[in-house]
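Below is one structure; the comments refer to it alone.
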Amino acid sequence: MKARILWVEGKRADSPPFVPGLRKKGYMVETAASGEEALAILPNFDPDLVVVNAASMRTSGKRICRSVRGHTNGVPIVLISSPGQPAPEETFVDVALALPFTPRKLLNRIKPLLPGEGQHLYHTGPIRLDIERKRVRCQGREASLTPRLIQLLKLFMEHPGEALERERLFRKVWNTEYTGDTRTLDVHISWLRHAIEEDPRNPHFIKTIRGVGYRLDV
């Protein structure tokens with residue numbers, strides 16, 4: 001699965017049409033004509049990257065980038081500006097590009113910001129696990145995970161809607177038949193909930209199945 005990109009671009013774009021090229025490469029690109037429209041799209045689209053073509057809107061793009069940063073948790077932002085524009089503050093932009101530049105240069109700059117692909121990227125419901133980068137994204141939240149948490153979440157994502165017994169979780173993730181120390185599993189489940197849940201105390205995704213174990217609902 002390729003990454004999801006939210007592309008903010010006005011109607012007066014003088015730059016080359018970058019979006020068709022990105023889609024041809026397999027990226028899922030959603031477009032917005034203004035900052036306001038981008039903020040409306042963010043919750044449901046949950047992008048891996050936001051590109052703001054400020055040059056197409058005859059603006060510095062600072063306000064849009066700040067708004068996007070305020071409504072996301074760690075999503076990288078790329079700002080495209082007109083020639084001669086001063087460099088933006090690094091606090092709200094990850095990459096700044098001044099026109100003109102080629103589609104190849106754009107791709108080279110955004111690739112390091114995007115999650116891995118193929119066998120390293122798992123996607124179940126709104127949860128996206130990037131094993132290569134050791135990160136998980138869910139509904140705008142992003143968090144880093146330990147190798148053990150990655151194994152645990154991957155197992156849940158491979159069996160959505162299925163109650164996984166504690167014994168099975170210990171056997172698959174900890175490679176042991178010993179299940180006496182249940183607190184170890186409970187603590188790891190708590191860490192996972194803090195990574196993906198909006199309210200870890202009232203989980204929406206990882207549910208406790210009493211007398212059995214846990215289940216991932218998506």
Cross-link reach from Lys154 to lysines, straight Cα distance under 27 Å and at least 8 residues apart if same chain, gives Lys2, Lys25, Lys111, Lys134, Lys172, Lys207
Taking the solvent-accessible surface of protein heavy atoms with a 1.4 Å probe, what is the per residue accessible area of the chain in Å²? 53 Å²
Using 1/(1 + (r/R0)^6) with R0 = 22 angstrom and r between the beta carbons of Thr176 and Lys207, what's the FRET efficiency to the nearest 0.05? 0.35
Rounded to the nearest percent, how much of the accessible area of the chain (1.4 Å probe, protein heavy atoms only) is carbon and sulfur? 48 percent
For the pair Arg183 and Met28, how long in nm is the line joining their label points, each one 7 Å along Cα→Cβ? 4.1 nm
For the charge dipole of segment 110-218, defined by +1 on Lys and Arg C-beta atoms and -1 on Asp and Glu C-beta atoms about the Cα centroid, which residue among Leu114, Ala195, Leu164 has the Cα displaced farthest towards the positive pole? Leu114
Restricting to DSSP loop positions (anything but H, G, I, E, B) with no more than 13 other Cβ atoms inside 10 Å of their own Cβ, which trypsin sites (Lys or Arg not before Pro) remain in segment 1-78? Lys11, Arg12, Lys25, Arg58
Project the alpha carbons of segment 105-183 onto their principal axes and report the range along each, largest first, in whole Å. 54, 22, 21
Report the full-extension gain for the segment Ser144 to Thr59: residue separation times 0.36 nm, less the Cα-Cα distance, to one decimal in nm. 27.2 nm
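The values are calculated or read from the model by the stated rules, or taken from the named source; none is laboratory data. Here the structure is a predicted model, which is why all the values come from computation and not from measurement. When we count neighbours, we look across all protein chains shown, and the Cβ atoms used for this are built from the backbone with ideal geometry, even at glycine. Accessible surface areas use protein heavy atoms only, side chains included; no ligands, DNA or RNA. Shrake-Rupley method; radii C 1.70, N 1.55, O 1.52, S 1.80 Å.
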